[in-house]
1. Could you list, in sequence order, the residues of the range 385-411 that are within 29 Å of the chain's Cα centre (by Cα) and among the acidic types (Asp, Glu)?
2. Just to be sure before I move on: is residue 332 crowded, with 18+ Cβ neighbours inside 10 Å, of a type outside the set (D, E, K, R) and outside the structural domain of residue 360 (by TED's automatic domain parsing) in the structure I sent?
3. Can you name the number of the only condition in (1) crowded, with 22+ Cβ neighbours inside 10 Å; (2) over 30 Å from residue 199 (Cβ atoms) that residue 411 fails?
4. State whether one or more residues within the range 32-42 are outside the structural domain of residue 149 (by TED's automatic domain parsing), touching a residue at least 40 places away in the same chain (Cβ under 8 Å) and either crowded, with 24+ Cβ neighbours inside 10 Å or more than 30 Å from residue 189 (Cα to Cα) (or both).
5. Just to be sure, is residue 226 crowded, with 21+ Cβ neighbours inside 10 Å, in the same structural domain as residue 107 (by TED's automatic domain parsing) and closer than 28 Å to residue 281 by Cβ?
6. Is it the case that some residue within the range 123-136 is touching a Ser or Thr at 6+ places or on another chain (Cβ under 8 Å) and under 23 Å from residue 28 (Cα atoms)?
7. Any chance the range 278-300 includes a residue that's within 17 Å of the chain's Cα centre (by Cα), surrounded by fewer than 24 Cβ atoms within 10 Å (Cβ to Cβ) and of a type in the set (Ser, Thr, Tyr)?
8. Is at least one residue of the range 120-132 surrounded by fewer than 20 Cβ atoms within 10 Å (Cβ to Cβ), without any contact (Cβ under 8 Å) to a residue 60 or more places away in the chain and assigned by TED's automatic domain parsing to the domain that holds residue 176?
Amino acid sequence: MKEMSLNQIARACKGTYIGEESKKSLEVSGVVIDSRKVEPGYLFAAIKGERVDGHSFIPSVFAKGAACVLCEHVPEHPAGPCILVDSCLEALKSLAEYYRSTLSIPIVGITGSVGKTSTKEMIAAVLGQKYNVLKTEGNFNNEIGLPLTIFRIREEHEAAVLEMGISDFGEMTRLSRMAKPNLCVITNIGLCHLENLKDRDGILKAKTEMFQEAQPGAQVILNGDDDKLITLRESRTPTPCFFGLDPSNDLYAEQIENLGLDGTHCTFVTKAGSFTAHIPIPGRHMVYNALAGTAVGLALNLTPEQIKAGIEGLTPVSGRNNLIHTEKWTILDDCYNANPVSMCASLDVLSFALGRKVAILGDMGELGEHEKLLHYNVGCHAADAGIDAVFLVGELSRETARGIEAKNPSLTFRHFGSKEELLAALPLLLSKGDSILVKASHFMEFGEIVDYLKNASGFTL
């Protein structure tokens, strides 16, 4: 990060500096909340978590060379400067907002119900053809993860791509206040976080809070094939840039050739001209991701040739449509997260695979009062997806099994009460040459199943 003095930090988060006056001018070189990641010259924020209180690590972080500690109560004999605040979390966000104000690089903010991470990766791959890009790592997309990501922006970075995830009203406003995006990208309005947001209109309202705190005149880039997002056509100045498959959009894709697990080949039509590209990651949704990447690339003055190179150079992220070839079978690792839309999309991708097509599916979380119906509907989709077998784990996935049985009882399917039961049965359920989709919400920890499949067959590239 660009260095900030302890005095600047105290002012930015409205804290009280406690320590030697001569050290107020010391500059920190990083900000962390994990004591294990402290390096000499870092600021440690002593966040109080559900299970761990960061204040208990203050002595150890000073021993590791921390320049200062952000805390809600000061230890009796601190070994270095402290900045006392009412709330470390709120102070962290205020500090991120201040730090963002010192940056002049373009920042792309990305949200949506489905595809935030894969779209972030695509946009970063495209922009990386011209700029030194910082992107959100892992799931650092919430009110703790976003400020930590912002602090990772250093003077050598020329652009940043920030993923922004929410589950309730007001969260996006707070995230956008920190990120202050120059470009706002929304992938779609689907069925996620319904417990708080209730319906798709609520999701639309919550996601578009991004615009309230964006940079003045920020470019808005939206999926024009989404029935909710298209309603924003007349309500924004400047007018949003819409992308999609429909030729009425500002940029669109045509001549789409589905290559199954080998990806997609298509032509991108833009006002700057047309170009063809091979999207190396499978799934129709990846065409939308590539369109979003194209829109951002054009907005930041990339050439069609640079955009094409970025699209074709995209590499998969573990747990997100990651194709793994082993000696026995092909694994489509998409177990990082799941919702009804992404679950059905992954089943559609699997249907294009070679050999016997097997889906290992688990529960989807945060679906609200209609969670059973939504799982049932996924089962109905699986029944008609053109796959050969479905193996299910989890209590809610019983409803998925019910949907399969109602729609296509001849399809091979089986429900298991736990991952352990499934893993014990898999040797008898799978055959050499199978293509296997593994997908569930993150809390199901289906990465264990992917690891089992790799280890059981011998992993090869």
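1. Answer for the range 385-411, where residues must be within 29 Å of the chain's Cα centre (by Cα) and among the acidic types (Asp, Glu): 395, 399.
2. no
3. Going through the list (1) crowded, with 22+ Cβ neighbours inside 10 Å; (2) over 30 Å from residue 199 (Cβ atoms), residue 411 breaks only (1).
4. yes
5. Spelling it out, residue 226 is indeed crowded, with 21+ Cβ neighbours inside 10 Å, in the same structural domain as residue 107 (by TED's automatic domain parsing) and closer than 28 Å to residue 281 by Cβ.
6. There is at least one residue in the range 123-136 that is touching a Ser or Thr at 6+ places or on another chain (Cβ under 8 Å) and under 23 Å from residue 28 (Cα atoms).
7. no
8. Yes, the range 120-132 contains at least one residue that is surrounded by fewer than 20 Cβ atoms within 10 Å (Cβ to Cβ), without any contact (Cβ under 8 Å) to a residue 60 or more places away in the chain and assigned by TED's automatic domain parsing to the domain that holds residue 176.
The values are calculated or read from the model by the stated rules, or taken from the named source; none is laboratory data. As the structure is a prediction and not an experimental result, all values here were calculated from the model. All Cβ positions, glycine included, derive from the backbone under ideal geometry; neighbour counts span all protein chains shown.
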